[in-house]
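I have placed the structure first, in the form of structure tokens, so that the comments after it can refer back to it.
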Amino acid sequence: MNGTPLSPRVFRGALVSAEPLRPASSVIVFQYNPDTLTRTLQARTSGGEVGSGPLRLTGPPEETIKLSVEVDAADQLSVGDPTTVRFGIRPALAALELLLYPPAQTMIDNQGLAASGLIEVLAPAAPLTVLVWGPGRVLPVRVTEFSVTEEAFDAGLNPIRAKVDLGMRVVTYFESGTQSAAGALSLANHVALEVSGALATSGAEAAAVRSTAGLKG
């Protein structure tokens, strides 16, 4: 879906997965940016009850994100893309779905080693997945929900149009520590949030609001 030559360039959202064993699924660029993105924040607190002292924020809030991604083969089919002609949008759906799967080879190797008594089977660590939503919002996330509605099919019953509903939980430095890649990204987003918030709370209008509320400073 292309704009006119004079249209401003729009960043395309993406999910990036740092998974060395699956390089083909490491970058998933949204074909069309979702129309809506729902964010829910729940404060991380302690105290605040009667007699227990002031309410304290123990860390950044727990944040969940929900969005719907549309995948359509129309553009690729119109130019005769051979992969799309053969498989429809199955590869695109597979790349998204694989964000919830451990690598198959890792599972096979672990099961073989466990059967031979060499190791205790441990669940493999999830790859670092990052939601890129423009240059100002790059968030480490864990995909927790995946729901796909396949809406049209080709002669081989390959889906050619679908909507994928994704649920994600933002990974913060509270869980992963500031020394990890996810923690560093989370802390950078926290700092950027404070900078953006300062823009909204500066100036004469903010001073007038504070004065009305009886606040100083």
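Coordinate-derived values only; no laboratory data. What you are looking at is a predicted structure, and each value in this text was computed from that prediction instead of being measured. Glycine gets a Cβ as well: all are built from the backbone with ideal geometry, and neighbour counts include every protein chain shown.
Considering only 28, 104, 42, and ranking their Cα positions along the charge dipole of the stretch 14-171 that arises from unit charges at the beta-carbon of Lys, Arg, Asp and Glu, the one farthest toward the positive end is 42.
Shape of the stretch 14-171 from its Cα gyration tensor (a ≥ b ≥ c, root eigenvalues): rounded if a/c is under 1.5, otherwise prolate when a/b > b/c, or oblate?
Details: a/c = 2.75, a/b = 1.36, b/c = 2.03.
Oblate, because a/c is 1.5 or more while a/b does not exceed b/c.
With Cα atoms defining each centre, the stretch 52-96 and the stretch 124-146 are spaced 10 Å apart in the structure.
With an 8 Å cut-off on Cα pairs and a minimum separation of 6 or more residues, tell me the relative contact order of the stretch 14-171 in percent. List each step's numbers first, then the result.
Values: 263 pairs, mean separation 42.6, N = 158.
Normalised by residue count, the contact order of the stretch 14-171 is 27 percent.
Whole-Hz Karplus values for the stretch 99-105 come out as 5, 9, 10, x, x, 4, 5 Hz, taken residue by residue from phi with 6.51 cos²θ - 1.76 cosθ + 1.60 and θ = phi - 60°; glycine and proline positions read x. Give the shape of the stretch 98-175 as rounded, prolate or oblate, defined through the alpha-carbon gyration tensor: a ≥ b ≥ c are the square roots of its eigenvalues, a/c under 1.5 means rounded, and otherwise the shape is prolate if a/b is larger than b/c and oblate if not. Judged from the Cα gyration tensor, the stretch 98-175 comes out oblate (a/c at least 1.5, b/c at or above a/b). Spacing of the modelled spin labels on residue 29 and residue 145, each 7 Å from Cα toward Cβ, amounts to 2.9 nm. Stretch residue 126-residue 57 to full length: gain in nm at 0.36 nm per residue minus the Cα-Cα span? Length difference between fully extended and current span is 22.0 nm. Under 5 Å from the amide H of residue 171 lie the amide H atoms of 141, 142, each residue being 5 or more positions distant or on a separate chain, with H modelled from the backbone and absent for Pro and chain starts.
Quote the charge dipole size of the stretch 14-171 about the Cα centre in Debye, to the nearest 20; the model charges only the Cβ of Lys and Arg (+1) and of Asp and Glu (-1). Please report the intermediate quantities before stating the final value.
Details: 12 positive and 17 negative charges, 87 e Å.
Dipole about the Cα centre, nearest 20: 420 debye.
Computed from label points 7 Å out along Cα-Cβ, the spacing between residue 155 and residue 66 is 4.0 nm. Working note: Cα gyration tensor of the stretch 145-196, eigenvalues times five, square-rooted, sorted largest first, giving semi-axes of 39, 12, 9 Å. Of the residues 77, 164, 140, the one whose Cα sits farthest towards the positive end of the charge dipole of the stretch 14-171 is 140 (charges of +1 on Lys and Arg Cβ, -1 on Asp and Glu Cβ, taken about the Cα centre).
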